[in-house]
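Chemist: Sharing a structure below in structure tokens format, with a few things to ask.
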């Protein structure tokens, strides 16, 4: 069973959860903007660094939210599909982080504390395009996450 197969009584989304049309900026033609989806987006925006769906769900619960875990998974998946959330696979777990839709960037990620810095790397962009072209690839995409130890964690050693 996948996380989105799980059912939870609090996952039911009915017409009372729909936001007014003016508040649907984060909805795609296939995704309805709901209060629950908005709450997940707000919680992700307020989170420093990357967080798992379970971690975000726990934070929502700590604030009194009744949003179910399956709803959190669906909302995060939708945000990632729209480019509003970065996705990182680490130690077999999917982690999410809010980002600005439509921007291409890379990350420096501290292995110790999880501090994440968005970086632009023109050298990586030109290298990726050159290597793709050399091998006959077009419309190439790439993801670069650089892991290390931030200055604060290094200073604690």
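Chemist: Could you calculate the contour length gain from residue 66 to residue 52, that is, 0.36 nm times the residue separation minus the distance between their Cα atoms, to one decimal place in nm?
Modeler: This chain segment gains 3.3 nm when fully extended.
Chemist: Need one word for region 65-157: rounded, prolate or oblate. Basis is the Cα gyration tensor (sqrt eigenvalues a ≥ b ≥ c); a/c below 1.5 gives rounded, then a/b vs b/c decides.
Modeler: Oblate is the answer for region 65-157, as a/c is 1.5 or above yet b/c matches or exceeds a/b.
Chemist: What's the extension gain from residue 126 to residue 89 if we count 0.36 nm per residue and subtract their Cα-Cα distance?
Modeler: Between residue 126 and residue 89, full extension yields 10.8 nm more.
Chemist: Report for region 31-157 the percent antiparallel among DSSP-assigned beta bridges with both residues inside it, nearest 5.
Modeler: 75
Each reported figure results from applying straightforward, stated rules to the coordinates on display, with no laboratory input. Given the structure is predicted, the values throughout are model-derived calculations rather than measurements.
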